[in-house]
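Worksheet for the structure shown next.
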Amino acid sequence: MGTWREVEHTADLAIWVCGCDLSDLFTSAAQAMMSLMARPDESAQPVTLGVCLDSYDLEALLVDWLNELLYLSERHNVVFTAIDIRRMEGTSLEAQLGGYPIARRLRGIKAATYHELEIERTAEGLCTQIVFDV
Amino acid sequence: MVRKQDFRKVTPYVWELPKDVDRRMRVPARVYASEKLFEQAFRDRSIEQLINVAMLPGIVRYAMAMPDIHQGYGFPIGGVAAFDYEQGIISPGGVGYDINCGVRMLASNLEYEEVEPYLEELASTLYHKCPSGVGGKGIIRLSWSELEAVLEEGASWACRKGYGDQEDLLRTEEGGCLPQARASAVPDRAKERGRPQLGSLGAGNHFLEIDIVDEVYDADVAEAFGLQLNRVVVQIHCGSRGLGHEVCTQYLRRLQDAPCRYSITVPDRELVAAPVESPEGQDYLAAMAAAANYAFANRQVLAYAVRLGFEDVLAGKVSNWALWQVYDVAHNIAKVESHMVEGKKKRLVVHRKGATRAFPPGHHDLPPIYQATGHPVLVPGSMGTASYVLVGTEQNLALTFGSTCHGAGRTMSRRAAARSARGEAVRGALRGQGIRVWARSMRGLAEEAPAAYKDVSLVVDAVAGAGIARKVARVRPIAVIKG
C-alpha cells in the first residue's frame, strides 16, 4: 500500500509519494491528489469512468495520468475514490475509476507539473516528488 | 552551484552573470533587483532556472528576471526572455499554466467618503455578481460557436455582445485580442473547460478589489490615467481559467519529443520548446494567443458585472457612480514584438512569465490616449496591502524589452500560511484595518494572507531604481473579494 505526504513548497502544492511498484505509486499519487482537492458526496449516485493513456516516458505518463484525472474530475464534477490500474506496460496504462459527485471543494489544482519529478527507488519504495500548480 | 559573487554588479539594481560561467549559456543572465531582493533569489531554484533559460536557442540579449523573481516551472516567475522569431524557440514554460493571468483597473470620480456608507453592500453585491472559487462557473455559458469567436476575437467579442465598448478596448493591451489566435489550435478539452467559465475569477491568488488612490507620485501621468487622490478604483486579477491551464498541459505533453526532433537541448523538461516557425511552435503560439483572448474577454465580462454592481448599489445615492477603464495588462504571456537589436529592427517572441509589458512614451504599439505617457502598468500587491500603478521608462526597451515586475511574489508556503493563521483570523485582522473581505474559502484566505508575500513596495522601488519603470500612483484596498 502506497504512502504520501504533503511537503513544503513556497508557491504551490507538493507531495512526496511512494509505492511498492509503479502501479501502487500511480494509485497513491492519484489518491493523494484527489484527497487534496475535494470531498465526495457518498450518498449520491456513484460514477465509473475508464482511462487509457500512452505517453512519452514514465515521468510523462505519471503527469499525463494525474492531469487526465484533473480533467475528468472537472468535466464530470466527480472526485475519484476508487482507483484501479488494470494494466501498466512500458509507458502506457489502463485504469478504471470510481467516484462520487463533489460535495466540497478544498482547493483548485491547475495541473500536475514535471517540476522536480523523478521516479526513483528509495528505502520507502518507488518514490517521487510531485508539484501541483494551484 | 552559482553564487552571488559570480554575478557582476552593473548598478545597485542590475546584477549580471556572464555567459562563460556555464558554457551552455548563450547569453548572460540579468537580475533587476535591490541587493536584498537579489539575495532572496538564492533561497530557491529561481537563479538556476534563469540560467537554464539563457541556454535556449535563439535567445536575444539576456535571460532576465524582475525583482519579484521566485521559483516557477521552467522559467522562474518574474522571468523575461526574447527569442528571434526565425531562429529561436517558443516555450509554454515561458508563459505558464494561467495564460494571460493579468490585471484590469477601473477608475471613478467617487470619493472614499461617498462610497464608505455603502461599502458592505457594494462588496457583497460584487461577491454575488462575480463568480469565484474553485470550479466556479462563469456569468456566461458559451455555445461552441460562441467560444470559438471568443478565442479569435477576445475582448471585442464581449464588447460586441454589450459587455463593454470601444473605450475599454483602447485601454486594453493589444486591444484585447492577439492577432495570432487560431481557435482550431486549441484542444477540444480546453474548449470544454472554457465553455462554462467565461466571467469568473477562479481561486488561489485571484481577486477583485475595491481600492482608494492613497498616493500620487506623478501628478501629470496620474491625471492622464484618470487617477486622483482619494478616488475609488477597482482591480480585477484573473486569467484564462481552465481553458488556459488545459492549453498549457496539452502543449507541454505534445512538445515532450520536440527537443529531440529539433536537436534542442533543454536542461529542464518544463522548458520543452519548439522552433517558433515549426508546426508545433506555430500551433502553440496560436493556441496561447487564443487562450489569452479568452482571458481578455473574461476580464471584460467581469468588468461589466462590476459596473452593474456599482449601478445597483450606488445609482441615485451618489452623484456619479460610473467606472471607466484605466488599463488591462497581461503578466503571463508570449508576444510577437518588434525591437531594435544591435541597430536593426528584429521580430522577437518576448516571453513574460510573471512580468508585465511596460512600453514607454512614444512607442508605436500604444493607443493614442497613452502615446504621450506610456500605458499604465498595474502591479497588485498581496491581499490587504497596497498595489501600484507604474509607467515604463525610455530606457527599458534596451534593458528589458519593455518589461517590468508583476506583483509581490510568495515567501511562505501555503501550508505554512494555513498553519500560522486561520482564514477567519486573517479576515478579522483585515477588517481591523478597515478592509472588508468576502471569500468563498477560509483555507484559501489563510493561504493568501499578506504575511505570505514579499513587500510589493520593495519590488516597485527596485524597478524604479533599475530605471525600467516609474511610480505613478499607489492604491490601498478597502474591500477584497476572493475565491
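Overview of results
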{"read-out": "The range B:324-479 - convex hull of the alpha-carbon atoms, volume per residue in Å³", "value": "129"}
{"read-out": "Using alpha-carbon coordinates, inclination of helix B:144-153 to the longest axis of chain B, degrees", "value": "70"}
{"read-out": "Angle between chain B longest axis and helix B:119-129 axis [Cα atoms, degrees, rounded to 10]", "value": "60"}
{"read-out": "Lys, Arg +1 and Asp, Glu -1 on Cβ, resulting dipole of the range A:3-133 about Cα centre, debye, nearest 20", "value": "600"}
{"read-out": "Likely footprinting exposure, B:R476, B:R23, B:R443, fewest C-beta neighbours within 10 Å first", "value": "B:R23, B:R443, B:R476"}
{"read-out": "Per-selection Rg to Rh, the range B:203-330 - Cα, Kirkwood hydrodynamic radius", "value": "1.15"}
{"read-out": "Stokes-Einstein diffusion coefficient of the range B:134-271, Kirkwood radius over Cα pairs, 37 °C, 0.692 mPa s, in µm²/s", "value": "184"}
{"read-out": "More than 27 angstrom apart: percent of Cα pairs within the range A:3-133", "value": "13"}
{"read-out": "Calculated on alpha-carbon atoms, Rg and Dmax of chain B in Å", "value": "21.0, 68"}
{"read-out": "Cα-based radius of gyration of the range B:65-154 once divided by 2.2 N^0.38 Å, which approximates compact folds", "value": "1.61"}
{"read-out": "Free-standing Cys, the protein assembly as shown [no other Cys Cβ under 4.7 Å]", "value": "A:C20, A:C52, B:C101, B:C130, B:C159, B:C177, B:C238, B:C248, B:C260, B:C405"}
{"read-out": "Average Cα contact separation per residue, chain B, under 8 Å, 6 or more apart, as relative contact order %", "value": "22"}
{"read-out": "In degrees, nearest ten, helix B:423-432 long axis to first principal axis of chain B (Cα)", "value": "60"}
{"read-out": "Taking B:S184, B:S91 and counting other C-beta atoms within 10 Å, the order from fewest to most", "value": "B:S184, B:S91"}
{"read-out": "Beta bridge orientation in chain B: antiparallel %, DSSP, nearest 5", "value": "90"}
{"read-out": "Directionally averaged projected area (convex hull, Cα atoms, the protein assembly as shown), nm²", "value": "26.2"}
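Each value in this text was obtained by applying a stated rule to the coordinates, not by laboratory testing. Predicted model, so just to flag it, every value in this text is computed and none were measured. Every residue, glycine as well, gets a Cβ built from its backbone with ideal geometry; the counts of neighbours run over all protein chains shown.
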